[in-house]
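Working notes, structure below.
Only the coordinates and a few stated rules stand behind these numbers; no lab work does. Since the model is a prediction, treat every value here as computed from it, not as a measurement. Backbone-built Cβ (ideal geometry, glycine too); neighbour counts: all protein chains shown.
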Amino acid sequence: MGDIWLIRHGQAGEMMGEYDLLSERGWEQSRVAGAAWRHIAPVQHCIHGAMRRHRETATGFAEGFGPLPDAIEDARWNEFDHQSVIRAALAGGLAPDRGAGRAGFFRFFLDAMGRWASGEHDRDYPESYAAFQSRVVAALDAAVSRLGKGESAAVFTSGGAISAVCRHLLDLSPSKAFTLNLSLVNTGVTRLRVGGGWTTLASLNVHAHLDAHPELLTHS
């Protein structure tokens with residue numbers, strides 16, 4: 001059996017601002033995760049998306065973990081454009097309940113994601129939901145094809161891509177995948193087992209490495 005370890009990036013920037021970089025907390029999360037997950041060594045393959053926060057998380061992880069193999073950059077592991085999803089929803093008449101605070105925003109965000117996934121407004125988005133789901137599954141297939149017997153790959157990616165993998169493996173509805181996405185912790189680790197022509201979900205969103213550092217537990 002082989003393993004693929006999907007590692008969500010560390011805390012990034014403002015959701016509607018300069019999001020594609022790690023905060024100082026994100027860097028520390030990455031280093032703590034790397035130190036705590038040394039037991040998964042040796043890792044034969046290191047893969048990350050083409051986004052800055054993916055590369056930076058891999059760098060911080062290696063500072064705690066030790067040297068990783070030369071990284072393979074695969075843009076298919078990139079996150080969807082959440083800002084375009086939000087803007088299209090606003091233009092389409094959806095709006096958050098500003099009196100409900102953070103909970104109101106997340107209800108709006110789930111509605112915005114549902115609008116995107118419906119396929120009825122594909123021209124409003126730079127990438128349709130179906131195209132996003134397909135490219136993430138293609139990235140997973142490519143990572144699986146790289147594994148030799150008993151080998152492991154560490155993949156640094158985003159919550160949307162991880163939830164897309166879970167949707168594929170567990171046959172989830174889009175709405176359940178979106179809800180799962182919101183629960184994913186920065187630097188949480190999801191393990192896939194590969195062998196015998198099968199890829200299965202072994203664990204999801206494991207973040208015990210943050211138990212001793214509650215101030216590092218974030219979802220952004």
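About the Cα centre, and with charges only on the beta carbon of Lys, Arg (+1) and Asp, Glu (-1), how big is the dipole of region 104-220? Nearest 20 debye, please.
260
Using the Cα centre of region 82-126 as the reference point, and only Cβ charges (+1 on K/R, -1 on D/E), how large is the resulting charge dipole? Debye, rounded to the nearest 20.
Approximately 200 debye in magnitude.
Calculate the dipole size of the chain relative to its Cα centre from +1 charges on Lys and Arg beta carbons and -1 charges on Asp and Glu beta carbons; express the result in debye to the nearest 20.
380
Please say if region 156-220 is rounded, prolate or oblate, where rounded means a/c under 1.5 for a ≥ b ≥ c the square roots of the C-alpha gyration tensor eigenvalues, and otherwise the choice is prolate for a/b larger than b/c and oblate otherwise?
Here region 156-220 falls in the oblate category.
Give the distance, in whole Å, between the Cα centre of region 2-66 and the Cα centre of region 159-191.
When both Cα centres are located, 17 Å separates them.
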